[in-house]
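Have a look at the structure below before the remarks.
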Amino acid sequence: MKDENAKIFNKYIRERDKYKPCISSGIPYKSDFDAGHLFSVKQYSALRFHEDNVHGQSIGDNRFKEGNIQDYFINVEKRIGKEKLNQLVKLAEKSKRTVKKWTLVELKQIRDKYNKKIKEL
């Protein structure tokens, strides 16, 4: 179920960020952009479905430059603002200490929320 939710959430991110440049390198939008995570899903499981943590990102930056995190940090602050970025960093510090175990109820809520948001775009 988590994989299904990731697909729906990532689809929402790609639709939300359609026509915006890559969050890391700033290259112009391409239809094959990934939904790239600033704080990786592997190390920060609680941020997997956090909208401020995920943005449209070129395949080159996301897959081949390990997310190009240095440039991602610079540009995400421009996109979401310093206050939201500071909140995200605090959440990441907490998240890194524990593994988030998603409940079936939470996953259903996430799936429903992002299916609705996709329709609204």
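Is it the case, given these coordinates, that LYS82 is basic (Lys, Arg) and modelled with pLDDT of 95 or more?
Working: basic (Lys, Arg): yes; modelled with pLDDT of 95 or more: yes.
Considered against the rule, which asks whether it is basic (Lys, Arg) and modelled with pLDDT of 95 or more, LYS82 comes out as yes.
Test TYR29 against the criterion of being of a type outside the set (A, V, I, L, M), touching a residue at least 60 places away in the same chain (Cβ under 8 Å) and out of contact with any Leu (no Cβ under 7 Å at 6 or more places or on another chain), and give yes or no. It would help to see each step written out before you state the result.
Working: of a type outside the set (A, V, I, L, M): yes; touching a residue at least 60 places away in the same chain (Cβ under 8 Å): no; out of contact with any Leu (no Cβ under 7 Å at 6 or more places or on another chain): yes.
No: the conditions fail for TYR29.
Can you list residue pairs whose Cβ atoms sit under 9 Å apart, with the first residue in the stretch 1-22 being more than 15 Å from ASN62 (Cβ to Cβ) and hydroxyl-bearing (Ser, Thr, Tyr) and the second being assigned to a helix (DSSP H, G or I) and open to solvent by less than 80 Å² (accessible area, probe 1.4 Å)? Count only pairs 6 or more apart in sequence or on different chains.
From the stretch 1-22, the pairs are TYR12/GLU51; TYR12/TYR114; TYR12/ASN115; TYR12/LYS117; TYR12/ILE118.
Which of the residues belonging to the stretch 59-111 are under 20 Å from ASP3 (Cβ atoms), touching a strand residue (DSSP E or B) at 6+ places or on another chain (Cβ under 9 Å) and among the basic types (Lys, Arg)?
ARG63, the sole residue that qualifies.
Show the residue pairs that are 6+ apart or on different chains and have beta-carbon atoms under 6 Å apart, the first residue being within the stretch 99-121 and closer than 17 Å to ASP17 by Cβ, the second being open to solvent by less than 50 Å² (accessible area, probe 1.4 Å).
TYR114/ILE8; TYR114/PHE9; TYR114/TYR12; LYS117/TYR12; ILE118/TYR12
Which members of the stretch 34-67 meet the condition of being at positive phi and open to solvent by less than 40 Å² (accessible area, probe 1.4 Å)? Working first, answer last.
Kept after step one, since they are at positive phi, are these residues of the stretch 34-67: 66-67.
Listed by number, the list holds a single entry, GLY67.
For (1) surrounded by fewer than 15 Cβ atoms within 10 Å (Cβ to Cβ); (2) polar (S, T, N, Q); (3) more than 17 Å from TYR44 (Cα to Cα), each residue gets a yes or a no:
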position	(1), (2), (3)
GLU83	yes, no, yes
GLN87	yes, yes, no
LEU91	no, no, no
VAL99	yes, no, no
LYS108	yes, no, yes
LEU121	yes, no, yes
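The values are calculated or read from the model by the stated rules, or taken from the named source; none is laboratory data. It should be emphasised that the depicted structure is a prediction, and the values quoted were computed from it without experimental measurement. When we count neighbours, we look across all protein chains shown, and the Cβ atoms used for this are built from the backbone with ideal geometry, even at glycine. All accessible areas refer to the heavy atoms of the entire protein, side chains included, with ligands and DNA or RNA removed. Shrake-Rupley method; radii C 1.70, N 1.55, O 1.52, S 1.80 Å.
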